[in-house]
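Quick one: this structure, given as structure tokens, is what I'll be asking you about.
The values are calculated or read from the model by the stated rules, or taken from the named source; none is laboratory data. Source: prediction; values computed, not measured. Cβ coordinates were reconstructed from backbone atoms using ideal geometry, including for glycine residues, and neighbour counts include every protein chain displayed.
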Amino acid sequence: MEPTGTDAGDTSGDGEQGTKRFRAKRDAILSAAAEAINEQSAKGMTFADVARRVGLNTTSVTYYFKRKEDLAAAAFEHTLDQLLAMIDEALAGATPRERVRRYLALNMERLERVQRGEDRAMAVLSDLRATEEPNRTRLMNRWREVFRRTRALWGHAANRSETDLFGARAHVLLENTFWLPAWLNRYEPDQYARVEARLMDVFEHGVAGPASRWAPTPIDLDHEETEPGRAAFLLAATRLINELGYRGASVQKIAAELNVTKGSFYHHLDAKDDLVIACYRRSFDTITDAQRLADDAGGSYWDRLSSTIACLLDVQFAERAPLLRTTALSGLPGVVRTAMVDRSNRIARRFAGTMMDGIAEGSIRAVDALVAAQALMALQNAAFDMRKWAAAMPRERAVAMYASTLLFGLFDDRALRAG
């Protein structure tokens, strides 16, 4: 049954009250769509599932949004609007530190409301590039505005180097706030204030000890592939999934990227889920290989941490064999998604262990290593999106500048002298 009168927003009978009810129902549908997108991706979301979450029938939902693509676009736009509102409020601060602190606080307040059931989660933006036109252009322009305003938290850039550095800082800040929901649920809501303070401490001062300097040891990750054909599929799939999200990177597109048939794909892998799982395993294995090789090289724990981060950023910026973005998680079945998050957490704990040992020897600041490790996971994971930024400068400088955001903090200008 289609909504009529107040449900449809027909305000001829009851004016303002009808409009309020219409907006409330529309907002409820958008919140339900965001939940569905976060669990199943935008491509996997269905009208029927959204309707079930809101307690409506499918026809009622289609009154508000005629096409599923329009509903997904509206959910993304709602996320972007919320981000812009938080950034604009943060921009009222007098200094970069005050602005970043306020932006983080606003995010933590929102996540606490979500945890307490007083608010709904925002739709993750992983499928933004996979949306259809004309929605795609509008949404991507809106995203660029989010990035520009976030970069403005550090003020007006005096030159190109500052523009580059502020851009790296903005990206790392945004990605860390996007990654928060993946690990914050390990803490009770009454601990959120403490987590916020510890994360802000990393943002403000980094993890490097007072005498530590940026001089990473090169790590050689090259190894011979036992199945070159399968490896090629994994790399092509990783690049496309990073660009278009899990649902957007179809088997047809992956096969076309390699100029082979879909049949060739199924020769190497049984199903698309198997492909994503294999991509994640390859990415996680790459990270653990870097961690292990850094440990094998010895040196201080700061040397091991900084060398690992430098290696992984170089992998992401080179684009030859990038790491799979965690944004693909929303398209995976729940059991598989949980297993992949567990593997990610084991890697984060290894980062945390390195930092704890570094704190004991004095090469790393006394930080909350568990919180700092999750921040580093967001850093190396998101670097793929900055490959064009990195290509505009010498690679070593790009790696040093991007790494500086968390290793030395979001307000330390020594990165301007990097490379």
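What about E188, is it surrounded by fewer than 21 Cβ atoms within 10 Å (Cβ to Cβ), over 15 Å from the mean Cα position of the chain (by Cα) and either closer than 18 Å to G409 by Cβ or at pLDDT below 95 (or both)?
So E188 passes the test.
Looking at A92 and the list (1) part of a loop (DSSP other than H, G, I, E, B); (2) at pLDDT 95 or above; (3) within 27 Å of L329 (Cα to Cα), which single condition is not satisfied?
(3)
Continuing with the same structure: With segment 134-250 as the region, which helices (runs of 4 or more DSSP H) entirely inside it contain at least 1 residues that are over 30 Å from T95 (Cα atoms)?
135-151, 228-248
If a residue has to be surrounded by fewer than 21 Cβ atoms within 10 Å (Cβ to Cβ) and either touching a helix residue (DSSP H, G or I) at 6+ places or on another chain (Cβ under 7 Å) or in a loop (DSSP other than H, G, I, E, B) (or both) to count, how many in segment 47-63 make the cut?
Selection size over segment 47-63: 10.
Which condition does V146 not pass, out of (1) within 30 Å of K68 (Cα to Cα); (2) touching a residue at least 24 places away in the same chain (Cβ under 8 Å); (3) touching an Asp or Glu at 6+ places or on another chain (Cβ under 9 Å), if it passes all the others?
It is condition (3) that V146 fails.
Restricting segment 101-133 to residues that are among the hydrophobic types (A, V, I, L, M, F, W, C) and part of a helix (DSSP H, G or I), which is farthest from L173 (Cα to Cα)?
A130
For segment 200-209, enumerate the residues that are surrounded by 18 or more Cβ atoms within 10 Å (Cβ to Cβ) and of a type outside the set (G, A, S).
Within segment 200-209, M200, D201, V202, F203, V207 qualify.
Is at least one residue of segment 323-344 surrounded by 21 or more Cβ atoms within 10 Å (Cβ to Cβ), in contact with a Ser or Thr (Cβ under 7 Å, 6 or more places away or on another chain), aliphatic (A, V, I, L, M) and over 28 Å from C279 (Cβ atoms)?
No: segment 323-344 contains no residue that is surrounded by 21 or more Cβ atoms within 10 Å (Cβ to Cβ), in contact with a Ser or Thr (Cβ under 7 Å, 6 or more places away or on another chain), aliphatic (A, V, I, L, M) and over 28 Å from C279 (Cβ atoms).
Spot the failing condition for S212; the list is (1) surrounded by fewer than 18 Cβ atoms within 10 Å (Cβ to Cβ); (2) more than 25 Å from the chain's Cα centre (by Cα); (3) under 25 Å from G358 (Cα atoms), and only one is missed.
All conditions pass for S212, except number (1).
L379 passes all but one of (1) more than 13 Å from W183 (Cβ to Cβ); (2) surrounded by fewer than 22 Cβ atoms within 10 Å (Cβ to Cβ); (3) under 17 Å from the mean Cα position of the chain (by Cα); (4) hydrophobic (A, V, I, L, M, F, W, C); which number fails?
Checking L379 against (1) more than 13 Å from W183 (Cβ to Cβ); (2) surrounded by fewer than 22 Cβ atoms within 10 Å (Cβ to Cβ); (3) under 17 Å from the mean Cα position of the chain (by Cα); (4) hydrophobic (A, V, I, L, M, F, W, C), the one that fails is (2).
Conditions (1) modelled with pLDDT under 95; (2) of a type outside the set (D, E, K, R), marked per residue:
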residue: A373; (1), (2): no, yes
residue: L376; (1), (2): no, yes
residue: A383; (1), (2): yes, yes
residue: R387; (1), (2): yes, no
residue: Y402; (1), (2): no, yes
residue: T405; (1), (2): no, yes
residue: L410; (1), (2): no, yes
residue: A415; (1), (2): yes, yes
residue: A418; (1), (2): yes, yes
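So that you can scan it fast, the table gives a plain yes or no per residue for (1) surrounded by fewer than 17 Cβ atoms within 10 Å (Cβ to Cβ); (2) among the charged types (D, E, K, R); (3) touching a Ser or Thr at 6+ places or on another chain (Cβ under 8 Å):
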site	(1), (2), (3)
M45	no, no, no
D70	yes, yes, no
A73	no, no, yes
G93	yes, no, no
R110	no, yes, no
